[in-house]
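Colleague: Sharing a structure here in structure tokens format.
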Amino acid sequence: MDSTVRQDQRIVLVTGASRGIGAEAAAQFGAAGAHVVVNFREKRKRAQDVVDAIVAAGGSASVLGADVSDPAAVETMVQEISRTFGRLDTLVLNASGGLERDADPGYALRLNRDAQVNLATAMLPLMPEGGRIVFVTSHQAHFIHENGDVPTGYTPIARSKRAGEDALRALMPEFRERGAGFAVVSGDMIDGTIIVRLLERRDPDSVEARRAAGPLPTVEDFARVIVRAGTEAAADGHTYFVGGDDYLAAGSRRSEYSVRL
């Protein structure tokens, strides 16, 4: 990884950043002046393309491969970031999954809950005062206890991501001890993402129903809010909402910080 970064640059790790929301968030962090560590699991060339685009636009970035569901790989990643930068200012927990055809029944929970908790805990010692941890999720997951209208086949993923959010919130006292803030960014179905494309094949009615409720946020819209959550000093534990005003109609949720597009 490139260690030629300025002391005043924010060091940001975005997991699952070789495509989609992660790649766009990485690009926007880079445009905002951060050094972005672009994490990937398998697609090194695609991740390198993200880095090259950030650098070509005048930004600073590097690649770091690791399967975040593998504790040994995570420990290696921690050591690499520590050795290269000495700190991590923002951790964006974007990598998720469970809809893959070859995924075993327990994979969604291992990735969307266990791996997120392990990664946040492992990276926490590298985070200085003012660090930020951002968990990226969906309205279908965040509101699953209030709204059971989840697309066919997505329920295990939604439940596992809500479990991941709950487990991370339970760690907030530990985050606070390090002076690190925690935020959640929850979005409606995001136009152009792999999840929406998969659902359009498996459960097209669910996607059409969301489109009927209003324009779906774009990848750029969602990434913009992730960057805000990863940099601004919002109250600890806030949830940023992107799109899906019908979800936000539940009275108690109005008190949470929301971003409406």
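The values are calculated or read from the model by the stated rules, or taken from the named source; none is laboratory data. Just so it is clear, the structure is predicted and the values come from calculations on it, not from any experiment. Cβ: placed from backbone, ideal geometry, glycine included. Neighbour counts: every protein chain shown. For the accessible areas, the whole protein counts, side chains as well, though only heavy atoms, and no ligand, DNA or RNA atoms are used. Shrake-Rupley method; radii C 1.70, N 1.55, O 1.52, S 1.80 Å.
Colleague: From 124, 91, 109, 119, which residue is open to solvent by 20 Å² or more (accessible area, probe 1.4 Å), outside any loop (DSSP other than H, G, I, E, B) and of a type in the set (A, V, I, L, M)?
Modeller: Result of the check over 124, 91, 109, 119: 109.
Colleague: When you go through 153, 65, 86 one by one, which is the residue that is at positive phi and in contact with a helix residue (DSSP H, G or I) (Cβ under 7 Å, 6 or more places away or on another chain)?
Modeller: 153
Colleague: Filtering the range 141-165 down to residues that are charged (D, E, K, R) and more than 13 Å from residue 244 (Cβ to Cβ), which residue is most open to solvent (accessible area, probe 1.4 Å)?
Modeller: Looking only at the range 141-165, we keep the residues that are charged (D, E, K, R), and these are 146, 149, 159, 161-162, 165.
Now drop any that are not more than 13 Å from residue 244 (Cβ to Cβ), which leaves 159, 161-162, 165.
Working: 159: 160, 161: 12, 162: 27, 165: 1 Å².
Checking each candidate, the answer is 159.
Colleague: Is it true that residue 58 is more than 17 Å from residue 85 (Cα to Cα), within 17 Å of the chain's Cα centre (by Cα) and either among the β-branched types (Val, Ile, Thr) or surrounded by fewer than 23 Cβ atoms within 10 Å (Cβ to Cβ) (or both)?
Modeller: no
Colleague: For the range 218-256, give me each residue that is of a type outside the set (D, E, K, R), open to solvent by less than 70 Å² (accessible area, probe 1.4 Å) and at pLDDT below 75.
Modeller: 235, 247, 248, 249, 250, 251
Table: residues versus (1) touching a Lys or Arg at 6+ places or on another chain (Cβ under 6 Å); (2) open to solvent by less than 10 Å² (accessible area, probe 1.4 Å); (3) touching a residue at least 24 places away in the same chain (Cβ under 8 Å); (4) in a helix (DSSP H, G or I).
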residue	(1), (2), (3), (4)
5	no, no, yes, no
26	no, yes, yes, yes
53	no, no, yes, yes
75	no, no, yes, yes
83	no, no, no, yes
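Colleague: Condition check: in contact with a strand residue (DSSP E or B) (Cβ under 8 Å, 6 or more places away or on another chain) and at pLDDT below 75. Does residue 191 satisfy that?
Modeller: Here the answer is yes, as residue 191 does meet what is asked.
Colleague: Name the pairs: first residue in the range 161-189 and touching a residue at least 12 places away in the same chain (Cβ under 8 Å), second residue part of a helix (DSSP H, G or I) and among the hydroxyl-bearing types (Ser, Thr, Tyr), Cβ to Cβ under 8 Å, at least 6 apart or on different chains?
Modeller: Partner pairs satisfying both residue conditions: 171/121; 174/121; 188/247.
Colleague: Tell me yes or no: at least one residue of the range 72-85 is of a type outside the set (Lys, Arg), farther than 23 Å from residue 129 by Cα and under 18 Å from the mean Cα position of the chain (by Cα).
Modeller: So far as the range 72-85 goes, no, none of its residues is of a type outside the set (Lys, Arg), farther than 23 Å from residue 129 by Cα and under 18 Å from the mean Cα position of the chain (by Cα).
Colleague: Picking from 214, 130, 148, which residue would you name as being at pLDDT below 75 and on the phi > 0 side of the Ramachandran plot?
Modeller: Going through 214, 130, 148 in turn, the sole match is 214.
Colleague: Looking at the range 7-24, which of its residues are open to solvent by 10 Å² or more (accessible area, probe 1.4 Å) and either at positive phi or not hydroxyl-bearing (Ser, Thr, Tyr) (or both)?
Modeller: Of everything in the range 7-24, those that are open to solvent by 10 Å² or more (accessible area, probe 1.4 Å) and either at positive phi or not hydroxyl-bearing (Ser, Thr, Tyr) (or both) turn out to be 7, 8, 9, 10, 16, 19, 20, 21, 23, 24.
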